[in-house]
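Engineer: Take this structure first; my questions come after.
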Amino acid sequence: MTGLVIVGAVVVLLLVVVVVIYNQLVGKRQMVRNGWADIDVQLKRRANLIPQLVATVKGYAAHERQLFEEVVEKRNLAASAGDDAAARGAAESELSRPIGKLMAVAEDYPDLKASANYKDLQDELSDTENKIEMARRFYNGAVRELNTLVESFPAGLIAGPFGFSQAQYFEIVTADRAVPEVDFGAGR
């Protein structure tokens, strides 16, 4: 009789451990999904700002047509990349390069730099880039926690059979902003 009670207690204890670990895995997966949703919102916001920025710059720099076409092409590729973190990160990185060039074009057009509309768009884009960075950090932190739990013992034993797997980190390689050259009379 005592042996049966001990076996029953061990089974109940194991069930409690499985339920606790399962709930932890669910919580971590939800954090990853929440983080991805935040990133997606900010990337869509950036994608919606780009046509406005292109239209504003186009009015001042009509001969930059190839750059405008590249921005639109890369924006469309990024929009169609879907929810795969690696593919989306690569597409967004490709989009960052022509956006950096587009922002640098303003340096050649003083009237454009002085335009209130351009300044507002530039500020909004900069704010959005900061929000993307914050959302990316949150998401990657959530991915790290989920991946650690999935690889840990005994959670790893429970993760596989219940369909939990590691998530991918999200990385965007941002284009370097054009740095103005300053000559302090070195050639004198």
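Engineer: Which parts of segment 69-91 would a label at SER165 reach, counting a residue when its backbone N lies under 16 Å from a point 7 Å out along Cα-to-Cβ?
Structural biologist: Within reach of a label on SER165: 83-87.
Engineer: How many angstrom lie between the C-alpha centres of segment 113-174 and segment 7-58?
Structural biologist: Distance between centres, Cα-based: 9 Å.
Engineer: Still on this structure, please answer the following. Could you tell me whether segment 13-72 comes out rounded, prolate or oblate from its Cα gyration tensor? Rule is a ≥ b ≥ c as square roots of the eigenvalues, rounded for a/c under 1.5, then prolate if a/b exceeds b/c, otherwise oblate.
Structural biologist: Because a/c hits 1.5 or more and a/b exceeds b/c, segment 13-72 counts as prolate.
Engineer: Hey, what's the chain come to in accessible area per residue, 1.4 Å probe, Å²?
Structural biologist: Value for the chain: 61 Å² per residue.
Engineer: Order PHE138, PHE162, PHE170, most accessible first, counting only protein heavy atoms with a 1.4 angstrom probe.
Structural biologist: Final ranking, largest accessible area leading: PHE162, PHE138, PHE170.
Engineer: Here is a follow-up. Excluding residues fewer than 8 places away in the same chain, name every one of the aspartates and glutamates whose C-alpha is closer than 18 Å to that of LYS119.
Structural biologist: Within the straight-line limit of under 18 Å, LYS119 reaches these aspartates and glutamates: GLU107, ASP108, ASP111, ASP127, GLU129.
Engineer: Moving on. Heavy atoms of the protein only, probe of 1.4 Å, neighbouring chains included. What is the accessible area of ILE158 in Å², nearest 10?
Structural biologist: Spelled out: ILE158, probe radius 1.4 Å, area about 20 Å².
Engineer: Still on this structure, I have one more. If you put +1 on each Lys and Arg Cβ and -1 on each Asp and Glu Cβ, how big is the dipole of segment 66-140 around its Cα centre, in Debye rounded to 20?
Structural biologist: So the dipole magnitude of segment 66-140 works out to roughly 200 debye.
Engineer: Taking amide H positions as placed in the peptide plane 1.01 Å from N, state which residues far from ALA167 in sequence (5 or more) or on other chains have amide H under 5 Å from it.
Structural biologist: Amide H neighbours of ALA167, under 5 Å, 5+ apart: ASN147.
Engineer: Also, I was wondering about something else. Determine how many Å³ per residue the convex hull of the Cα atoms of segment 83-148 encloses.
Structural biologist: In segment 83-148, the Cα hull volume divided by residue count equals 83 Å³.
Engineer: Let me ask something else about it. Which order do LYS58, LYS131, LYS74 take when ranked by solvent-accessible area (1.4 Å probe, heavy atoms of all protein chains), largest first?
Structural biologist: If we order LYS58, LYS131, LYS74 from most to least accessible, we get LYS58, LYS131, LYS74.
Engineer: Report ARG144's accessible area, 1.4 Å probe, all protein chains in place, as a number in Å² to the nearest 10.
Structural biologist: It works out to around 120 Å².
Engineer: Choose one answer from VAL32, VAL11, VAL143: the residue with the largest mean-square fluctuation in a GNM of the chain with alpha-carbon springs under 10 Å.
Structural biologist: VAL11
Engineer: Top mean-square fluctuation among VAL20, VAL57, VAL72, Gaussian network model of the chain, C-alpha springs under 10 Å?
Structural biologist: VAL20
Engineer: Extending each Cα 7 Å along its Cβ direction at THR148 and LYS101, get the distance between those two points in nm, one decimal.
Structural biologist: For the pair THR148/LYS101, the computed spacing is 4.1 nm.
Engineer: In a Gaussian network model over the chain where Cα atoms closer than 10 Å are linked, find which of LEU43, LEU15, LEU67 has the largest mean-square fluctuation.
Structural biologist: Of LEU43, LEU15, LEU67, the Gaussian network model singles out LEU15 as fluctuating most.
Engineer: Could I have the simple spin-label model distance between VAL10 and GLU133, label points 7 Å from Cα toward Cβ, reported in nm to one decimal?
Structural biologist: 5.5
Engineer: Let me ask you something else. From the phi of every residue in segment 132-138, what ³J(HN,Hα) in whole Hz does the Karplus formula 6.51 cos²θ - 1.76 cosθ + 1.60 yield, where θ is phi - 60° and glycine or proline is x?
Structural biologist: Per residue, the Karplus-derived 3J(HN,Hα) values read 4, 4, 5, 5, 5, 5, 4 Hz.
Engineer: Of PHE153, THR56, LEU67, which is farthest along the charge dipole of the chain in the positive direction, counting Lys and Arg as +1 and Asp and Glu as -1 at C-beta?
Structural biologist: Farthest towards the positive end: PHE153.
Engineer: Another question, then. At a Förster distance of 22 Å, what's the computed FRET efficiency of ALA116 paired with ALA55, Cβ-Cβ distance as r, to 0.05?
Structural biologist: E(calc), rounded to 0.05, equals 0.90.
Engineer: When the accessible area of the chain is computed with all protein chains present and a 1.4 Å probe, what percentage of it is carbon and sulfur?
Structural biologist: Accessible surface attributable to carbon and sulfur in the chain totals 57 percent.
Engineer: Nothing charged except the Cβ atoms of Lys and Arg (+1) and of Asp and Glu (-1): what's the magnitude of the dipole of the chain about its Cα centre? Round to the nearest 20 debye.
Structural biologist: Rounded to the nearest 20 debye, it is 520 debye.
Engineer: What's log10 of I(q)/I(0) for the chain at q = 0.10, 0.15 Å⁻¹, Debye sum over Cα points only, no solvent?
Structural biologist: Debye intensities relative to I(0), on a log10 scale: -0.56, -0.91.
Engineer: Sticking with the crude label model, points 7 Å out along Cα→Cβ, report the distance from MET1 to VAL41 in nm, one decimal please.
Structural biologist: For MET1 paired with VAL41, the spin-label model returns 6.1 nm.
The values are calculated or read from the model by the stated rules, or taken from the named source; none is laboratory data. Note that the structure is predicted; figures quoted are calculated from it, not measured. Reconstructed Cβ throughout: ideal geometry from the backbone, glycine too, with neighbour counts over all protein chains shown. What goes into the accessible areas is simple: the full protein's heavy atoms, side chains included, and nothing from ligands, DNA or RNA. Shrake-Rupley method; radii C 1.70, N 1.55, O 1.52, S 1.80 Å.
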